[in-house]
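Following: one structure in structure tokens, then a few remarks.
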Amino acid sequence: MFDIILQNANAVLPSGLALSDIGIKGERITAIAAPGSLFSDRARVIDVAGKLVVPGGIDPHIHCSRPMKISSGEKFTSGSPEQVSRAALHGGTTTLMDFVQCHPEETLEHSIGETDRLWEGQCYSDYAYHMTLHGSVPPKQLDEIGEAIGRGYASVKMFTTDLTPSRRGRMLNYGDIWEVLKIVAAAGGISAIHAEDNDIVMHMYEKLIREDRVAFENMAEVHNTLSEDLAFNRIIRLAENVEGAALYMMHTSASAGVAAVERSRAQGFPIYGETLHQYLLYTAEDYKRPNGQLYHTYPSIKYQADQDDLWRSLKSGGLHAIATDEVCCPLRIKTLGKRIDDATGGNSGVEPRLCLMYTEMVEKRGFSVEHFVDLTSSNIAKIMGMYPQKGAIAVGSDADLVVLDPDAGGELDAARLHETDYTPWQGWHVAVWPKITMLRGRIVVEDGEFKADLDYGRWVPRKVSQPILSGTGV
Ligand SMILES: [Zn+2]
């Protein structure tokens, strides 16, 4: 009655770490029991004694097959779902969240269809999409948002900045954001925000260009701390005035952003903070290193005090998720831009995220394994409306499981990863590495051997739970 039994698993269950046998039938976990108590003649029995078994990682923020802005005018499209999901599974991440680019001149249904065309049958892992609105949102599109949320596209992303002078047309004005917040709230969705103050950011581009200080390493002066302070507080105040609204603050990078999220949350508002692993482990000083661009994504990496606050807040429950903002490309493309106004955002990291964060959190900073699982999987599943199908080792959940092997750790090396020809994590130590990655009951990676199937990856419809919408869910 089982297809696979994981025996003697040190498993991170919703109730905490427990030595267990895990029984899997078809795509689901069908039994969790005391060690030695599950049997089946026909099952493959795998003894995982001494290994840590966690729910498959979920990366809530990646970008596949995106046309990249390159100053030379060269056309380049970022890594495909096939490329990125292969790397993700190798590293123990089983669900990826990308974005539907909802352009004002198209219906949402058309934009979702365009995104499906890139993903369906072309992704090894499971996946979901946020909807990203652009520019001035036409009334017709506003009408479609509620319906799309009802169909499982439960999160809507909005920008409060155009990001760079050459990317005009991306941001929404606060009036439109206010309107969208109301629609998303009424439909039971969650709003995901890229919050930077556009006036400050564009002012700093103009100022630094005028002062001839355009070198890339000045990026943190442009996408600066004050900008995060102003934008986070403004968007949060706006949302706090919308009945039923809930916010997911993407890539929180500065002390000011942390403080804004914590202040609102302390007052009972349903707000959740995401940060990126780059912000946790690099600072703006790293921009000065050779090929410093490879650490960059938007908003910029900040300073040591900001990084310290990100860690403090993660530990105390003020921030809830760790993402990569993956935009996969070769080193040559990533380092082509050398100025503040022609650098590329995003970087590679979807493969090492899980084990790198395990090492930095559990091994180095005293986080519990349960908290590590929350920040890289369970919280994300809850906030984004996939729990307990995803993000849980529980009876009835998808059998997305990762067996982390403490004997398989070592130094990260781009040549042995499966993303691209560089990694921002070159030479970093990881204390564990997946021995087995399982997606919906299928072993997709085992001892480094890749066994996944492109047509097995599936879109995950999402519905945000009431506890998340009321602020008590994580
Ligand atoms: Zn992003």
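Could you please find all residues in region 284-339 being of a type in the set (D, E, K, R), within 16 Å of the ligand (Cβ to nearest atom) and in contact with a Gly (Cβ under 8 Å, 6 or more places away or on another chain)?
Within region 284-339, the first condition is being of a type in the set (D, E, K, R), and the residues that meet it are 285-286, 288-289, 302, 306, 308-309, 312, 315, 325-326, 332, 334, 338-339.
Among the residues that remain, those that are also within 16 Å of the ligand (Cβ to nearest atom) are: 325-326, 334.
Residues satisfying the conditions are Asp325, Glu326.
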Note on region 276-296: residues more than 17 Å from His320 (Cα to Cα) and either surrounded by fewer than 17 Cβ atoms within 10 Å (Cβ to Cβ) or aromatic (Phe, Trp, Tyr) (or both) are Tyr282, Glu285, Asp286, Tyr287, Lys288, Arg289, Pro290, Asn291, Tyr295
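If you take the residues in region 419-438 that are out of contact with any Phe, Trp or Tyr (no Cβ under 8 Å at 6 or more places or on another chain), part of a loop (DSSP other than H, G, I, E, B) and touching a residue at least 60 places away in the same chain (Cβ under 8 Å), which one is surrounded by the fewest Cβ atoms within 10 Å (Cβ to Cβ)? Reasoning before the result, please.
First, pick out the residues of region 419-438 that are out of contact with any Phe, Trp or Tyr (no Cβ under 8 Å at 6 or more places or on another chain): 419-423, 425-429, 433-438.
Now restrict to residues that are part of a loop (DSSP other than H, G, I, E, B): 419-423, 425-428.
Now drop any that are not touching a residue at least 60 places away in the same chain (Cβ under 8 Å), which leaves 419-423, 425, 428.
Working: Glu419: 24, Thr420: 21, Asp421: 13, Tyr422: 20, Thr423: 24, Trp425: 26, Trp428: 16.
Restricting to residues being out of contact with any Phe, Trp or Tyr (no Cβ under 8 Å at 6 or more places or on another chain), part of a loop (DSSP other than H, G, I, E, B) and touching a residue at least 60 places away in the same chain (Cβ under 8 Å), the top hit is Asp421.
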Could you tell me whether any residue of region 383-391 is surrounded by fewer than 22 Cβ atoms within 10 Å (Cβ to Cβ) and not in a strand (DSSP E or B)? yes
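Would you point out which residue out of Gly471, Gly441, Gly409 is surrounded by 15 or more Cβ atoms within 10 Å (Cβ to Cβ) and closer than 26 Å to Ala192 by Cα? Lay out the reasoning, then the answer.
Details: Gly441 fails: closer than 26 Å to Ala192 by Cα; Gly409 fails: closer than 26 Å to Ala192 by Cα.
After applying the criteria, what remains is Gly471.
I'd like the full set of residues that are polar (S, T, N, Q) and either away from the ligand (no atom under 14 Å from the Cβ) or touching a Phe, Trp or Tyr at 6+ places or on another chain (Cβ under 9 Å) (or both), limited to region 61-97. Step through it out loud before you land on a result.
From region 61-97, those polar (S, T, N, Q) are 65, 71-72, 77-78, 80, 83, 85, 93-95; that's our starting set.
Hits for region 61-97 are Ser65, Ser71, Ser72, Thr77, Ser80, Gln83, Ser85, Thr93, Thr94, Thr95.
How many residues are assigned to a strand (DSSP E or B) and under 27 Å from Ile149 (Cβ atoms) if we restrict to region 446-470? Give the steps one after another, and end with the answer.
Here is the first cut: in region 446-470, the ones assigned to a strand (DSSP E or B) are 446, 449-450, 459.
From the residues that got through so far, the ones that are under 27 Å from Ile149 (Cβ atoms) too are 459.
Total meeting the criteria: 1.
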The lone condition Phe372 fails out of (1) of a type in the set (A, V, I, L, M, F, W, C); (2) more than 25 Å from Ala34 (Cβ to Cβ); (3) part of a helix (DSSP H, G or I) is (2)
Apart from one, (1) within 16 Å of the ligand (Cβ to nearest atom); (2) within 16 Å of Leu118 (Cβ to Cβ); (3) not basic (Lys, Arg) all hold for Ile58; the odd one out is (2)
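Going through Leu172, Leu181, Leu208, Leu226 one at a time, which residue ends up being more than 25 Å from Tyr279 (Cβ to Cβ) and in contact with a helix residue (DSSP H, G or I) (Cβ under 9 Å, 6 or more places away or on another chain)?
Numbers: Leu172 fails: more than 25 Å from Tyr279 (Cβ to Cβ); Leu208 fails: more than 25 Å from Tyr279 (Cβ to Cβ); Leu226 fails: more than 25 Å from Tyr279 (Cβ to Cβ).
Only one candidate passes the filter, namely Leu181.
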Output for Cβ contacts, cut-off 8 Å, separation at least six or different chains, first residue closer than 13 Å to Ser253 by Cβ and among the charged types (D, E, K, R) in region 298-317, second part of a loop (DSSP other than H, G, I, E, B) and at pLDDT 95 or above, reads Lys302/Ser253; Lys302/Ala254; Lys302/Thr283; Asp306/Ser253; Asp306/Ala254; Asp306/Thr283; Asp309/Ala254
Per the filter on region 72-85, residues under 22 Å from the mean Cα position of the chain (by Cα), surrounded by fewer than 24 Cβ atoms within 10 Å (Cβ to Cβ) and not in a loop (DSSP other than H, G, I, E, B) are Thr77, Glu82, Gln83
Those residues of region 222-240 which are over 13 Å from Ser255 (Cα atoms) and without any contact (Cβ under 8 Å) to a residue 40 or more places away in the chain amount to Ile236, Arg237, Glu240
Residue hits (region 119-144; within 16 Å of the ligand (Cβ to nearest atom) and either in contact (Cβ under 8 Å) with a residue 40 or more places away in the chain or under 23 Å from Pro55 (Cα atoms) (or both)) are Tyr127, Ala128, Tyr129, His130, Leu133
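Let's see how each residue does on (1) in contact with a Leu (Cβ under 8 Å, 6 or more places away or on another chain); (2) more than 30 Å from Thr437 (Cβ to Cβ):
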| residue | (1), (2) |
| --- | --- |
| Met131 | yes, no |
| Asp143 | no, yes |
| Gly146 | no, yes |
| Gly150 | no, yes |
| Ser155 | no, no |
| Thr161 | no, yes |
| Thr164 | no, yes |
| Tyr174 | yes, yes |
| Val184 | no, yes |
Residue hits (region 249-273; within 22 Å of Phe159 (Cβ to Cβ) and not in a helix (DSSP H, G or I)) are Met249, Met250, His251, Thr252, Ser253, Ala254, Phe269, Pro270, Ile271, Tyr272, Gly273
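Looking at Ala323, Ala284, Ala260, which one is within 28 Å of Asp199 (Cβ to Cβ) and touching a Pro at 6+ places or on another chain (Cβ under 8 Å)? Quick ask: steps written out before the conclusion?
Details: Ala284 fails: touching a Pro at 6+ places or on another chain (Cβ under 8 Å); Ala260 fails: touching a Pro at 6+ places or on another chain (Cβ under 8 Å).
From the options Ala323, Ala284, Ala260, the qualifying one is Ala323.
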By residue number, the members of region 340-369 that are within 16 Å of the ligand (Cβ to nearest atom), within 23 Å of Gly409 (Cβ to Cβ), of a type outside the set (A, V, I, L, M, F, W, C) and assigned to a loop (DSSP other than H, G, I, E, B) are Ser348, Gly349
Picking from Gln426, Gln466, the residue that is under 21 Å from Ala128 (Cα atoms) and polar (S, T, N, Q) would be Gln466
Residues of region 237-279 being within 16 Å of the ligand (Cβ to nearest atom) and aliphatic (A, V, I, L, M), in sequence order, are Met249, Met250, Leu276
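The values are calculated or read from the model by the stated rules, or taken from the named source; none is laboratory data. These numbers come from a predicted model, not from an experiment. Glycine gets a Cβ as well: all are built from the backbone with ideal geometry, and neighbour counts include every protein chain shown.
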